[in-house]
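The structure appears right after this line, and notes come after that.
Only the coordinates and a few stated rules stand behind these numbers; no lab work does. Keep in mind that what you see is a predicted model, and the values were worked out from it rather than measured. FYI the Cβ positions are ideal-geometry reconstructions off the backbone, even for glycines, and counts take in every protein chain you see.
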Amino acid sequence: MIGGIVLAAGEGARFGGPKQLAELDGRPLLEHALEAMSCVPAIERIVVVLGAHADEIRAKVDFLDTEPIVCKDWQDGQAASLRVGLAELGDVEAVLVTLGDQPRITPQVIAMALDHFGGTRPVRMTYDGQPGHPVVLPAGMIPRVMELEGDVGARHLLEQAGVLEVEAGHLASAADVDTPADLEVLRR
């Protein structure tokens, strides 16, 4: 099984509140990431890791066919959310990870990441040469990812494993929303 994780547990401190609920194109920001992953049939089960503002987000977001779960230790950083998502998915052959605050990542980019996945080597999409998401983690890497702590992703583990980087800047924007100004740029 291929699983999917959308990381959306952050407090939105720089944004000034729950950015997951900020309106973009007539709907909450988080719904864009959920829809993109839901449109990729190869991903059999998708979990959305919430943390801060979880009840409010659950009440206002259409989760489509994804499953919202809560990381109680969300303040510990991205690694805690990643561990909760991986634990919830259980036994998988691979996991594709995206971020809830990157609304312009498309189903095409997600599918392309999976198309480049050969079974054992991780895949990371890049945008104009800069590392980004989605990332595909093979099953063999998951035990090491489960040991991560703090506000870090799996970047150094990906590099140790010889990550395959695939350019996607011609297909999508990896712009993320950290501040209200970031959101205004996307609205234009």
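Descriptive notes on the structure:
- Residues within the reach of a label modelled at Asp151 (point 7 angstrom out along Cα to beta-carbon, backbone nitrogen below 12 Å), restricted to region 9-49, are 10-15.
- Comparing mean-square fluctuations of Gly118, Gly85, Gly12 from a GNM of the chain with C-alpha springs under 10 Å, the top value falls on Gly118.
- Part-to-part distance (alpha-carbon centres) for region 1-62 and region 123-157, which is given in Å: 19 Å
- Zero-based 5 Å bins, Cα pair distances in the chain, whole percents: 1, 9, 18, 22, 23, 17, 8, 2, 0
- Efficiency of FRET from Cβ geometry, Arg14 and Glu88, R₀ 30 Å, rounded to 0.05: 0.65
- Each Cα pair of region 96-188 feeds into the Kirkwood radius, which the Stokes-Einstein equation turns, at 10 °C and 1.306 mPa s, into a diffusion coefficient of 114 µm²/s.
- Residue among Val163, Ile142, Thr66 farthest towards the positive dipole end of region 39-163, charges placed on Cβ: Val163
- Put in order of Cβ neighbour count within 10 Å, fewest first, the listed residues Met1, Met112, Met125 become Met1, Met112, Met125.
- Scanning residues 5 or more positions from Leu164 or on other chains, those with amide H under 5 Å from its amide H are Val123, Arg124, with H placed 1.01 Å from N in the peptide plane.
- Among Pro41, Pro107, Pro131, residue whose mean-square fluctuation peaks in a GNM of the chain (springs only between Cα atoms under 10 Å): Pro41
- About the Cα centre, charge dipole magnitude for region 13-69 (Lys/Arg +1, Asp/Glu -1 at Cβ), debye: 240 debye
- Seen from Ser38, the other residues with C-beta closer than 15 Å to its C-beta sum to a net charge of -4, counting Lys and Arg as +1 and Asp and Glu as -1.
- Among residues other than Gly77 with Cβ under 10 Å from its Cβ, the summed charge is -4 (Lys and Arg +1, Asp and Glu -1).
- Total charge dipole magnitude, the chain, about the Cα centre, Cβ charges on Lys, Arg, Asp, Glu only, Debye to nearest 20: 120 debye
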